[in-house]
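Report on one structure; see the data block that follows.
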Amino acid sequence: MRLKSVELSGFKSFAKKTPLSFESSITAVVGPNGSGKSNIAESFRFALGEQSMKSMRGKRGEDLIWNGSAQVPRGGRASVKLVFDNRDRSLSLDFDEVSIERVVHRDGGNDYLLNGSSVRLRDIAELLAGANIGASGHHIISQGEADRILSAGVRERREMIEDALGLTAFLYKREEAERKLQKSADNMKEVEALRRELAPHLKFLNSQVKKIEEAQSLREELKDRYLEYLKRESVYLKFAEATLGGEQEAPEGEHKELDARIVHLREELGRKRGGDHETQELIRLEQEGRTAAHRRQEIMRELGRIEGSIAAHEAYVPQEGTIPVAEARQFGEKVLSELELPFNDTNNFQQRVQALIILTADFLRRITQGSERKGESVTELASKKDSLEAELRGLEAAELQAVSAIAALRLAIESEKDASRDAERELFAAMARRSELESRLSQLRARAELLNRDRESLVRNLAEAAALVGREIADYESHPLEETNAEAAEEDRARQAERARRIERLKIKLEESGLGSSSDVLREHQETTERDAFLGRELADLEASRVSLMHLIEELTKTLEVRFGEGIEKINKEFDAFFKLMFGGGAASLQIVREKKARRGASEEPFGEEEPQDGDSETEQGIDLTVSLPHKRLKGIHMLSGGERALTSIALIFAMSQVNPPPFLILDETEAALDEANSRRYGDMIETLSKRSQLIVITHNRETMSRAGILYGITMGSDGASKLLSVKFEEAVAVAK
Ligand code: ATP
């Protein structure tokens, strides 16, 4: 890689665009004091990304912009563009020519452009580090800065050497890895916190899910039990209903027939009881009979009297109120004998009373005959007796007829009563049978009622089961039983009742598990588990990347240490050689020392946990320097004179450049303090260096100028702006002074 040119526009005293090309391996910039030469060295720093304003002799970005003069107005921006020949691809960009440009604006804003495209400072720094142009600017030695490397602290010195050794790229890588490590540690903390946050919820969900699973298995068991229960219940009910139907058929039919029969019998009986007129006829006939008997008795009495009168007329002398004793005794004996005879029936009684009446009437008539028979003749009596006897015969005939009519009527009434009794008997039998049937039927109805209730409860159970274990329970009919349906229907109902109890117990258990919206819980559990697993993977990834980053850091550290160690060794060799050359003897060397690490901020600690800190991690490497001058017993750089310091630092700078040559080296009046002899040695050394690095030397030194291939003269006109002109050596010598 070669530096082709630099172009300054509005940068510091370079008000106008000023290009400088570097075709020679040594370019000298000469000019009077204050003409702007150092501004050129600073323009390199600027373009390469220098962040320290101090090292560019400014306070703010604005100080880098042409500030104007009476003739030329101030600029709004300053820019410096470096152009490199990149045919060897030292810069890892696939371009033969690479331009790096930086612009600063009055507001302090900066732009970085790589081949005209805006990039980040970091991109520039990394690109340059890869080509051994580090940020420490060890390849730009500003005016008066030659001994910076001597005055620097061990740590700063180490950084400069690392930079010079081209270890910056590794350092960048390590820093990057450390940043990433820090970031992944932060991420891990974050992820771990998230996981910790999730843990109790996940634990809760896990226990919920366990409960759900238990409930699920309870539900499964409940479902199986329901299936069996419902199937058995259905089989039982079908059989029981069919059996009951069969049992009801016959009694129902009979009951219906009995109903009809009872209605019929009742009607019939009703008709029979309607025959009361026959009884009334009987009463009437008996009344007539009684009237006729009465009349007959009257007639008999009259006839007795008439017959007595007639006999008195014919056999007795009328004798008032007297009868013979014999006759009276005869009468008494007759009455007595009549009365002493037993009475058999009513007829006999009547007849005998009749006879007694006649006897008594005849006796009385004979006693009273004389006076009573005065008016009537026997003839009259006889005719009266005849008519009465005729009437008596009529009456007897009528009586006889009535008696037979009554007997017939009584017979008829009796037979009718018999017929009614039969019907009544049948009616009672039918009613008895019917009530027997009714009690049978009511038993059957009670059974039917029970079956109905069982059927309703089956329906209820089914609905409940569907709600608890799912709709598929409706297919319980296809659930297989161990035995045939007929056998199942015969089973003792107590066993089915036991099943129902088991189901109830399971339902209670299920209810106690109290999981309503289990699908929500399951979904949340799945999501949470997935999230936790995701975080777990994330953590594992982070851990893996942490491990690999630590390995990388370790490796880089090792590489750095090795290279640094090797580099120091090489530098020491060169340093000692240059030193001897400069001082004509003596010795110089660098030593790696360990010194306490500058404390890092707590936030920078990769892991806040108590990580055991070994001795190494508390200290860091630094570089110390020892010199011993020839013929002098002095040791230690603080004892050196100004010129000696300059020589020492030049020797070190050159040694460093020799070991790992930078593409270019800018030396701003580095040799200012050297005497003529040393200036010559210096000239020799830059020629040696220029074989491996392009040199841009800002100088007032004739010797140095004489080694340059190209000489640029810088002057400052009356307008306050620096101007560039190519000059010949002799002119340069003149200009420089
Ligand atoms: P010497 O040989 O004495 O070291 P030099 O040639 O290196 O001098 P410089 O230090 O590069 O000179 O230039 C300093 C000049 O640049 C000063 O005159 C200063 O006024 C001028 N200068 C610095 N910054 C600006 C700026 N922002 N605008 C205009 N002029 C500036």
query: Here are A28, A78: which of them is part of a strand (DSSP E or B), near the ligand (Cβ under 9 Å from one of its atoms) and in contact with a helix residue (DSSP H, G or I) (Cβ under 8 Å, 6 or more places away or on another chain)?
result: A78
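Across region 446-485, what is the number of residues that are in a loop (DSSP other than H, G, I, E, B) and among the small types (G, A, S)?
Keep residues of region 446-485 that are in a loop (DSSP other than H, G, I, E, B), which gives 470, 479-484.
Keeping just the survivors that are among the small types (G, A, S) gives 470.
Residues in region 446-485 being in a loop (DSSP other than H, G, I, E, B) and among the small types (G, A, S): 1 in total.
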message: Need pairs with beta-carbon distance below 9 Å; first residue over 19 Å from D163 (Cα atoms) and free of Cβ contacts under 8 Å to residues at least 12 places away in the same chain and within region 548-562, second assigned to a helix (DSSP H, G or I) and open to solvent by 40 Å² or more (accessible area, probe 1.4 Å); sequence gap 6+ or separate chains.
response: none
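Answer yes if at least one residue in region 85-97 is open to solvent by less than 50 Å² (accessible area, probe 1.4 Å) and over 24 Å from E175 (Cβ atoms), and no otherwise. I'd like the intermediate steps shown before the answer.
Here is the first cut: in region 85-97, the residues open to solvent by less than 50 Å² (accessible area, probe 1.4 Å) are 85-86, 90-91, 93.
Next, from what is left, pick out any that are over 24 Å from E175 (Cβ atoms): 85-86.
Yes, region 85-97 contains at least one residue that is open to solvent by less than 50 Å² (accessible area, probe 1.4 Å) and over 24 Å from E175 (Cβ atoms).
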query: Within region 217-238, is there a residue that is touching a Leu at 6+ places or on another chain (Cβ under 9 Å) and modelled with pLDDT under 90?
result: yes
- prompt: What number of residues within region 409-432 are more than 30 Å from E257 (Cβ to Cβ) and surrounded by 12 or more Cβ atoms within 10 Å (Cβ to Cβ)?
  reply: 4
query: Only one of these conditions is not met by V209: (1) of a type outside the set (K, R); (2) open to solvent by 20 Å² or more (accessible area, probe 1.4 Å); (3) in contact (Cβ under 8 Å) with a residue 40 or more places away in the chain. Which number is it?
result: (2)
- prompt: Which residues, counting only those in region 11-32, are open to solvent by less than 10 Å² (accessible area, probe 1.4 Å) and touching a Gly at 6+ places or on another chain (Cβ under 6 Å)?
  reply: I26, V30, G31
query: Given (1) more than 16 Å from the ligand (Cβ to nearest atom); (2) open to solvent by less than 50 Å² (accessible area, probe 1.4 Å), where does T699 come up short, assuming only one miss?
result: (1)
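Among the residues of region 531-544, count how many are over 24 Å from L205 (Cβ atoms) and open to solvent by 40 Å² or more (accessible area, probe 1.4 Å).
First, pick out the residues of region 531-544 that are over 24 Å from L205 (Cβ atoms): 541-544.
Now narrow it down to the ones that are open to solvent by 40 Å² or more (accessible area, probe 1.4 Å): 541, 543-544.
Number of matching residues: 3.
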- prompt: Would you pick out the residues in region 1-25 that are part of a loop (DSSP other than H, G, I, E, B) and closer than 21 Å to F664 by Cα?
  reply: M1, F22, E23, S24, S25
- request: Please work out if E50 is more than 8 Å from the ligand (Cβ to nearest atom) and not aromatic (F, W, Y).
  value: yes
- prompt: Going by the conditions given, is G713 touching a helix residue (DSSP H, G or I) at 6+ places or on another chain (Cβ under 6 Å) and not β-branched (V, I, T)?
  reply: yes
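Considering A131, A146, A169, A135, which residue is at pLDDT below 90, of a type in the set (G, A, S), within 59 Å of the chain's Cα centre (by Cα) and in a loop (DSSP other than H, G, I, E, B)?
Values: A131 fails: within 59 Å of the chain's Cα centre (by Cα); A146 fails: within 59 Å of the chain's Cα centre (by Cα); A169 fails: in a loop (DSSP other than H, G, I, E, B).
Being at pLDDT below 90, of a type in the set (G, A, S), within 59 Å of the chain's Cα centre (by Cα) and in a loop (DSSP other than H, G, I, E, B) holds for just one of A131, A146, A169, A135, which is A135.
State yes or no: is L91 within 60 Å of the chain's Cα centre (by Cα), closer than 26 Å to I698 by Cβ and part of a loop (DSSP other than H, G, I, E, B)? Walk me through it before giving the result.
Numbers: within 60 Å of the chain's Cα centre (by Cα): yes; closer than 26 Å to I698 by Cβ: yes; part of a loop (DSSP other than H, G, I, E, B): yes.
Against the criterion (within 60 Å of the chain's Cα centre (by Cα), closer than 26 Å to I698 by Cβ and part of a loop (DSSP other than H, G, I, E, B)), L91 qualifies.
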Criterion: at negative phi, more than 19 Å from the chain's Cα centre (by Cα) and free of Cβ contacts under 8 Å to residues at least 24 places away in the same chain - qualifying residue of E527, E477, E512: E512
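The values are calculated or read from the model by the stated rules, or taken from the named source; none is laboratory data. Because the structure is predicted, anything quoted here is derived from the model rather than measured. Quick reminder, even Gly has a Cβ in these numbers, built from the backbone with ideal geometry, and neighbours come from all protein chains shown. The protein model used for the area step is the full one, side chains on, heavy atoms only, and it has no ligands, DNA or RNA in it. Shrake-Rupley method; radii C 1.70, N 1.55, O 1.52, S 1.80 Å.
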